[in-house]
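Please treat every number below as a calculation from the coordinates, not as lab data. Small disclaimer: the values here were computed from a predicted structure and weren't measured. Methodologically, a virtual Cβ is constructed for each residue, glycine included, from the backbone with ideal geometry; neighbour enumeration extends over all protein chains shown.
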Amino acid sequence: EADIYQTPRYLVIGTGKKITLECSQTMGHDKMYWYQQDPGMELHLIHYSYGVNSTEKGDLSSESTVSRIRTEHFPLTLESARPSHTSQYLCASRATGQERTDTQYFGPGTRLTVL
Amino acid sequence: DQQVKQNSPSLSVQEGRISILNCDYTNSMFDYFLWYKKYPAEGPTFLISISSIKDKNEDGRFTVFLNKSAKHLSLHIVPSQPGDSAVYFCAAVAGNTPLVFGKGTRLSVIA
């Protein structure tokens, strides 16, 4: 069972609002990731982090920003939400290990709808 | 250029029969491969993985086969059950770089 949590699970907001999607994991994993997925579509990596104070942009350009001040916490922020940001946002984490058993675990996701 | 390809967008299988989901990759540096299952409005769930030093890994009804020379892996589910109906993602990783995912295959198990 993966110990990775996302809140809120569902969010409906109006255009122009600032929002923060929360992601926390209790597994002590160094690496954390944010993906965006539209229904029936592929997973797109938008941000990742290799540890505290480390953040990188992913393959898909995103207007969101992330921070990694604590190992267990990797929030994603949208300063001004737009309808084009409507999507499912998935957080994941993975350990840094010597063995090739570094399974990546996902949170339950946040379904964001911007009106 | 897509490094991990799942060429079948969908697959239908009768309950009790074998489901075979395929995945091809192009990057020879990939050394670890994973399969995930995803239901709508939920996060992907890890199913099974395999290291590049192996050619088979089995866990209950799920078996993953790796053919490194062909750069091909497959997930076998037997027997298939209606609850297996979901989207299955293949993923590959090289070292500590982010996982690379395929586009997914939607499996429908028909009772």
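Across peptide B:85-92, the mean count of Cβ atoms from other chains lying within 10 Å of each residue's own Cβ comes to 1. Dipole magnitude for segment B:25-111: computed about the Cα centre from +1 point charges on Lys and Arg Cβ and -1 point charges on Asp and Glu Cβ, it is near 180 debye. The shape of chain B can be summarised by an equivalent ellipsoid whose semi-axes, obtained from the alpha carbon gyration tensor, come to 23, 15, 12 Å from longest to shortest. The alpha carbon centroids of segment B:67-111 and segment A:43-115 are separated by 22 Å. When the Cα positions of A:5, A:86, A:52 are compared along the charge dipole of chain A, A:86 comes out farthest toward the positive end, with charges on each C-beta of Lys, Arg, Asp and Glu. Per the Debye formula on identical point scatterers at the alpha carbon atoms of the protein assembly as shown, with no solvent, log10 I(q)/I(0) at q = 0.13 Å⁻¹ is -0.76.
With a cut-off of 14 Å on the backbone N, the residues of segment B:5-29 near the modelled label site 7 Å out from residue B:70 along Cα-Cβ are B:7, B:20-25. Using a simple spin-label model with pseudo-atoms 7 Å out from Cα toward Cβ, residue A:59 and residue B:97 lie 1.1 nm apart.
Extension gain for the segment residue A:70 to residue A:52, taken as residue separation times 0.36 nm less the Cα-Cα distance, is 5.9 nm to one decimal.
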